[in-house]
Amino acid sequence: MRAGRGRSITTVAWTAARAALAGLLGAVVGIAAYSISQTGGQRLSIVVGALLGVAVVLGADLYRRSVQLTEVRLVLPGSEMTFRANTDMRQAAQRMFFQAATRVATRPLEDGSGNLREALTSLKTLFDLYREPLESGAAPPPPAKGDSVHELVLDILNFELAPFLAKWHPRLRAFEEAHPGQDESAWPENAAFREELRTLQDNLRPYVIGLGEIAGIRDPERHLRRSAWYAARASSPLPRQQKDAAR
């Protein structure tokens with residue numbers, strides 16, 4: 001996967017827009033000041049002041065939502081997507097990035113370690129977290145230009161998480177019901193599950209890194225790999241405890 005980022009609004013255009021907005025606001029203030037000076041009315045002053053306050057608040061909110069608009073291009077498995085990311089889209093992508101970066105969807109599950117039922121539950125929880133804003137209508141409407149971060153998430157749900165859960169959830173449940181209390185290591189498909197989980201993690205990785213790119217996270221891939229210190233610690237044998245000198 002490769003990702004590129006560039007300003008979607010040129011400096012000249014943004015400067016011109018700010019100048020036009022400043023001129024318009026100045027004209028409104030000038031008209032208001034002239035009207036007040038002509039009428040001397042206290043009521044008119046209050047009304048104009050309230051309108052100006054509303055305009056300032058709405059303008060600040062609009063600026064917050066549109067400031068630092070960036071364009072992010074992602075090359076993903078089988079597709080290329082372009083995002084015109086504003087503040088709201090970056091915040092949504094950031095939440096989704098960390099939801100995946102802290103779960104088994106991206107964290108390694110070494111052979112002989114972990115719990116397969118908990119792994120499936122974690123993936124199902126991630127599926128529900130990603131699907132909820134799509135079904136509830138909380139997701140913002142698609143942008144006029146470019147792709148939506150929720151379209152990216154829809155690909156994660158439909159092409160990666162849903163097929164994996166549909167295959168492995170009933171198989172593990174059938175084993176658990178047929179062998180209550182038996183350890184998962186006795187499940188004949190234990191190794192196959194872990195192998196397909198690793199494939200799922202590899203498939204999800206570009207999508208999750210893409211979410212980090214949209215969110216503006218510096219080097220999002222860094223959060224998906226172990227640090228050199230941890231890797232060295234995991235591969236080194238535990239130090240032997242010194243024997244009691246009294247023995």
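The values are calculated or read from the model by the stated rules, or taken from the named source; none is laboratory data. Just so we're clear, the structure is a prediction, and the values are computed from it rather than from any experiment. Positions of Cβ are generated from backbone atoms using ideal geometry, with glycine treated the same way; all protein chains shown enter the neighbour counts. Surface areas here come from the heavy atoms of the whole protein model, side chains and all, with no ligands, DNA or RNA. Shrake-Rupley method; radii C 1.70, N 1.55, O 1.52, S 1.80 Å.
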Would you call GLY181 on the phi > 0 side of the Ramachandran plot, modelled with pLDDT of 80 or more and touching a helix residue (DSSP H, G or I) at 6+ places or on another chain (Cβ under 7 Å)? no
Is there a residue being assigned to a helix (DSSP H, G or I), out of contact with any strand residue (DSSP E or B) (no Cβ under 6 Å at 6 or more places or on another chain) and among the charged types (D, E, K, R) anywhere in segment 206-220? no
Take segment 80-114 and flag every residue that is polar (S, T, N, Q) and part of a loop (DSSP other than H, G, I, E, B). ASN86, THR102, THR106, SER113
Flag for GLU176 being in contact with a helix residue (DSSP H, G or I) (Cβ under 7 Å, 6 or more places away or on another chain) and either open to solvent by less than 80 Å² (accessible area, probe 1.4 Å) or assigned to a helix (DSSP H, G or I) (or both): no
I want to confirm something. Restricting to segment 189-209 and keeping residues that are open to solvent by less than 50 Å² (accessible area, probe 1.4 Å) and aliphatic (A, V, I, L, M), which single residue is nearest to the chain's Cα centre (by Cα)? VAL208
Answer yes or no: is there a residue in segment 224-234 that is out of contact with any Cys (no Cβ under 7 Å at 6 or more places or on another chain), modelled with pLDDT of 65 or more and assigned to a helix (DSSP H, G or I). yes
Pairs where the first residue, in segment 75-102, is touching a residue at least 12 places away in the same chain (Cβ under 8 Å) and under 14 Å from GLY146 (Cα atoms) and the second is of a type in the set (Asp, Glu) and open to solvent by less than 50 Å² (accessible area, probe 1.4 Å), C-beta under 8 Å, 6+ apart: SER79/ASP155; MET81/ASP147; THR82/GLU71; THR82/ASP147; PHE83/GLU71; PHE83/ASP147; ARG84/GLU71; ALA85/GLU71
Quick check on my filter: what residues within segment 97-135 are aliphatic (A, V, I, L, M) and either surrounded by 17 or more Cβ atoms within 10 Å (Cβ to Cβ) or closer than 13 Å to PHE193 by Cα (or both)? ALA100, ALA101, VAL104, ALA105, LEU109, LEU116, ALA119, LEU120, LEU123, LEU126
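Of all residues in segment 136-156, count the ones that are assigned to a loop (DSSP other than H, G, I, E, B) and open to solvent by 20 Å² or more (accessible area, probe 1.4 Å).
Qualifying residue count, segment 136-156: 10.
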